[in-house]
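Okay, structure first, notes after.
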Amino acid sequence: MTVYNIALIGFGGVNRALAELIATRNPVWERELGFRLNIVAVSDLYLGSVISPNGLDAKTLIGAKFTKGGFGQLSGGSAEADNETIIRTAPADIVVEATFTNPTDGEPAVSHCRWALASGKHVVTTNKGPVALAASELKALAEANGVRFEYEGSVMSGTPVIRMAEKTLAGAEVDGFEGILNGTSNFVLGRMESGLDFDTAVRQAQELGYAEADPTADVEGFDVRLKVVILANELLGARLKPDDVTCKGISQLSPSDIRDAAKANSRWKLIGSASRGEDGRVVGSVMPKQLPLEHPLAAVNGPTNAVSFNTKLLGSVTVTGPGAGRIETAYALLSDIVAIHTQSTSAIAKEAA
Ligand SMILES: NC(=O)c1ccc[n+]([C@@H]2O[C@H](COP(=O)([O-])OP(=O)(O)OC[C@H]3O[C@@H](n4cnc5c(N)ncnc54)[C@H](O)[C@@H]3O)[C@@H](O)[C@H]2O)c1
Ligand SMILES: N[C@@H](CCO)C(=O)O
């Protein structure tokens, strides 16, 4: 049975949820997946950092009410978050990057990923910054160091989208997609339809763990723009940067816009899309659209997301599922680790044959 030592960078909603899963699910994973996870280090800007080569007790980590610098009280702990030292020196096989998404330059998460990959550690991340802004560099660095860079949770949290489209739609000739790619804004629009005001709805999305550290990214469309870049580059072979994608969010929609749409048997949805034109160029956009109720995306409510892939051979293929949420996103990290495990066990089997 394999044990993967992991280092958690960022200990907010998502990595804490992963620790919760580790505390309760390791026996199931041992039985069903052939591995267990052992947390050997954690670093968080607010809490500090801790390294324990034999492993930290996940229950203690999630149970304790740590205050600022609180990891300093633990054996092997410090009140400071020295990410570079932790990432480079912790005896981890996998670094789990779940700090905040910086939509401008992806930092400091891009550096976290570089340090990990350069020191021969796999990276799994839910952070959209490094994927949208530095995926090709980080994939090349991973390959050069014989490790993997995996990021399923960067689009639609735990709902399989990136790997699903790459692997199971291979050959179907995907030439575009459109979807609801942000849980917070979809939740907010739904709450506004029920009569709640915009600010209260955003606050609820924050409390439920859907929103970004700065929810402006959710409501102004910047988060969807990163996801459009990720999907377009990954699935359409584009080389888009965020500035190439036109972007308008939902903050300008008033309660009367929402009511008028309902009277017209329609709903506002924030739609991210990209498509390849006749000239081969991929064009992406993010904008609120008023969809008739019979449109498949009009029925997608709350933090649920959906994306329809346009394919030449199959027509439209739609995937729907959770788009945000702590446990849902922690599941995406697990799915990345499963992918790493599957590849490494099949490589070992090939060598033995
Ligand atoms: N929550 C979701 O539903 C969801 C879904 C998909 C992707 N994501 C992405 O996953 C990441 C984590 O999300 P979250 O909900 O856990 O966010 P969060 O704000 O709850 O947690 C982020 C944590 O990172 C820490 N942090 C910030 N900068 C740091 C640094 N430089 N070094 C070390 N720690 C640092 C913060 O102290 C905080 O504890 C984000 O990039 C987010 O965009 C979140
Ligand atoms: N804040 C994001 C998290 C998932 O990327 C959302 O609401 O969709």
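In the chain, Cα pairs under 8 Å separated by at least six residues give a relative contact order of 17 percent.
When the square roots of the Cα gyration tensor eigenvalues are ordered a ≥ b ≥ c, the ratio a/c for region 1-147 is 1.5 or more and a/b does not exceed b/c, which makes its shape oblate.
Here the spin labels are modelled as points 7 Å beyond Cα on the Cα-Cβ line, and at D175 and D57 they lie 6.0 nm apart. For the chain, the antiparallel share of DSSP beta bridges with both residues in that region comes to about 65%.
Stretched out straight at 0.36 nm per residue, the stretch from A118 to E294 would grow longer than its current Cα-Cα span by 58.4 nm. How about K139: which aspartates and glutamates have a C-alpha closer than 13 Å to its C-alpha, ignoring those fewer than 8 places off in the same chain? Partners within reach: E150, E234. Residue by residue, region 150-158 carries 3J(HN,Hα) couplings of 10, 8, 3, x, 6, 10, 6, 6, x Hz when phi is fed to the Karplus relation 6.51 cos²θ - 1.76 cosθ + 1.60 (θ = phi - 60°); x denotes Gly or Pro. Sequence-distant contacts, meaning Cα pairs under 8 Å at least 6 residues apart, place the relative contact order of region 163-319 at 34 percent.
With a ≥ b ≥ c the root eigenvalues of the C-alpha gyration tensor of region 161-323, is it rounded (a/c under 1.5), prolate (a/b larger than b/c) or oblate?
Judged from the Cα gyration tensor, region 161-323 comes out prolate (a/c at least 1.5, a/b above b/c).
Carbon-plus-sulfur accessible fraction, region 1-159 (probe radius 1.4 Å, protein heavy atoms only): 50%. Packing, as the average of other Cβ atoms within 10 Å across residues, places the peptides 170-177, 118-125 in the order 118-125, 170-177, highest first.
For the residue pairs K167/K289; K121/K227; K227/K269, the C-alpha atoms sit more than 21 angstrom apart in K167/K289; K121/K227. Taking amide hydrogens as placed 1.01 Å from N in the peptide plane, the amide H of E80 sits under 5 Å from those of S49, each at least 5 positions away in sequence or on another chain.
Does a label point 7 Å from the Cα of K139, set along Cα-to-beta-carbon, have any residues of region 262-289 with amide nitrogen under 19 Å, and which are they? Answer for region 262-289: 274-276, 281-284.
Using a probe of 1.4 angstrom and keeping all protein chains present, the accessible surface of region 161-323 works out to 46 square angstrom per residue. Other residues lying with their Cβ under 10 Å from the Cβ of S335 contribute a combined charge of -2, Lys and Arg counting +1, Asp and Glu -1.
The values are calculated or read from the model by the stated rules, or taken from the named source; none is laboratory data. Bear in mind that the values here come from a model prediction, so they are computed numbers and not experimental data. Positions of Cβ are backbone-derived with ideal geometry, glycine not excepted, and every protein chain shown enters the neighbour counts. All accessible areas refer to the heavy atoms of the entire protein, side chains included, with ligands and DNA or RNA removed. Shrake-Rupley method; radii C 1.70, N 1.55, O 1.52, S 1.80 Å.
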